[in-house]
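A short write-up of the structure that comes next.
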Amino acid sequence: MTTIQLRSKSDGRLRAGHLWVFRDELANDPALPAASLVTVVAADGTSYGTGFYHPTSRIAVRLLATHATTIDTEFVADRLRNAVALRNRLLPNEPMRRLMFGESDLMSGLIIDQFGPVAVIQMLSAGMDALRHAIVEAITTVVPSITCVIEKNTARVRLLEGLEQREGVLTGMLPEIVESTENGLTYMLDLAGGQKTGYFLDQKLNRRVVGALSSGKSVLDCFCNVGGFALNAAAGGAANVTAVDSSAVAIDAARRNAKANNLDVALVHANAFDMLREASHGGQRYDLIVLDPPSFAKTRSAVDRARAGYGELNRIALKCLSPGGTLVTASCTQVVPEPMFFDILYTEAARLRKRLRLLHRGSQAPDHPILLGMPETQYLKFLVFDVVDD
């Protein structure tokens with residue numbers, strides 16, 4: 001196994017628990033193919049363990065273990081057993097859950113989501129892509145209730161690792177629609193055609209919060225996807241619920257899920273920004289508005305654009321709230337940290353001369369655990385405010 005040495009005084013992040021070695025931190029850059037297993041040592045000889053090397057990516061090494069070891073099927077299975085045990089402890093009896101959350105489960109670049117008998121995997125690094133068969137074998141061994149494994153490897157980040165975008169069934173038979181449950185609601189999911197792994201599991205607990213706040217209220221769910229927040233609002237006794245998404249596929253899925261639960265949700269195929277503007281100009285008001293947009297920025301170079309997008313979105317939504325209404329606003333943009341998100345909301349509320357009172361502060365569900373040494377694993381901000389009237 002090749003040993004890679006770091007430049008002097010470049011191991012501070014690794015000492016604090018970070019798992020990525022960047023290319024400009026290397027003292028030597030060996031001529032090795034992608035997914036080669038290497039050991040990493042500091043300039044003073046301190047070992048930081050074993051990881052997968054990449055010859056061109058900005059992330060030169062993704063660390064997997066603190067010691068020299070073989071990365072094989074048994075290694076993957078052992079990591080998965082630990083990850084599943086954590087989920088069983090935190091979210092017992094949940095048929096839909098994230099089984100593996102990359103770096104937080106010490107498997108950099110690997111995502112595994114479970115939807116009942118189906119597992120959906122994303123391999124975002126060359127090292128994990130090389131372990132594809134071992135990952136499938138580990139899943140079916142550790143979680144025997146999973147009878148089908150599919151890959152949804154369409155993320156653009158794979159291109160940075162020199163990987164093709166690929167999706168399809170890896171083992172078993174994938175039903176056209178997979179039926180599962182969350183928060184007591186039934187979901188009929190098209191895992192092959194859905195976004196990312198098929199459903200956004202990170203908002204699981206936050207959807208419960210919206211359900212608890214919705215009784216008797218008129219609710220607008222923006223960027224509704226397959227209807228998660230809207231369904232929880234309707235099940236929570238909302239007077240009426242409107243859900244909007246720019247994707248016709250998402251609206252069809254939300255309609256299917258509303259029907260499966262016998263819930264009344266008005267579904268609108270439209271751009272959420274446009275609908276909010278029209279509501280503002282037309283005097284339409286809602287008691288509770290949910291804003292859960294897709295990521296506005298993937299890189300730090302796009303932060304200014306993200307700030308502008310979040311600012312405009314929340315400003316228009318505040319104009320559409322009834323007196324004393326509730327704003328539920330989220331950001332999954334990792335490069336917009338929570339203090340910046342608060343600042344955006346403060347700025348927009350001050351511009352409109354509205355007082356916001358924080359009622360609830362949430363994050364990603366515990367099956368998306370945060371590794372303290374890696375701020376990249378903490379991405380979801382979920383805030384609930386009411387508008388304070390004199």
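The values are calculated or read from the model by the stated rules, or taken from the named source; none is laboratory data. Note that the structure is predicted; figures quoted are calculated from it, not measured. When we count neighbours, we look across all protein chains shown, and the Cβ atoms used for this are built from the backbone with ideal geometry, even at glycine.
Remarks
- Filtering the stretch 287-310 to residues that are surrounded by fewer than 19 Cβ atoms within 10 Å (Cβ to Cβ) and among the small types (Gly, Ala, Ser) leaves 295, 301, 302, 308.
- Among the residues making up the stretch 196-217, those that are more than 30 Å from residue 323 (Cβ to Cβ) and part of a loop (DSSP other than H, G, I, E, B) are 196, 197, 198, 199, 200.
- Taking the conditions (1) surrounded by 15 or more Cβ atoms within 10 Å (Cβ to Cβ); (2) among the β-branched types (Val, Ile, Thr); (3) at pLDDT below 95 in turn, residue 154 satisfies each one other than (1).
- Of the strands (runs of 3 or more DSSP E) lying entirely inside the stretch 1-102, those containing at least 3 residues that are under 25 Å from the mean Cα position of the chain (by Cα) and not aromatic (Phe, Trp, Tyr) span 59-65, 96-101.
- Some residue of the stretch 123-130 being of a type outside the set (Lys, Arg), assigned to a strand (DSSP E or B) and not assigned by TED's automatic domain parsing to the domain that holds residue 23: yes
- Considering residues of the stretch 160-195 that are out of contact with any helix residue (DSSP H, G or I) (no Cβ under 9 Å at 6 or more places or on another chain) and under 13 Å from residue 95 (Cα atoms) only, the residue surrounded by the most Cβ atoms within 10 Å (Cβ to Cβ): 178
- One residue alone among 112, 71 is modelled with pLDDT of 95 or more, surrounded by 14 or more Cβ atoms within 10 Å (Cβ to Cβ), under 30 Å from residue 191 (Cα atoms) and β-branched (Val, Ile, Thr), and that residue is 112.
- Flag for residue 325 being within 16 Å of residue 276 (Cα to Cα), at pLDDT below 95 and not charged (D, E, K, R): no
- Qualifying positions in the stretch 359-390 - aliphatic (A, V, I, L, M) and closer than 20 Å to residue 320 by Cβ: 359, 383, 384, 387, 388
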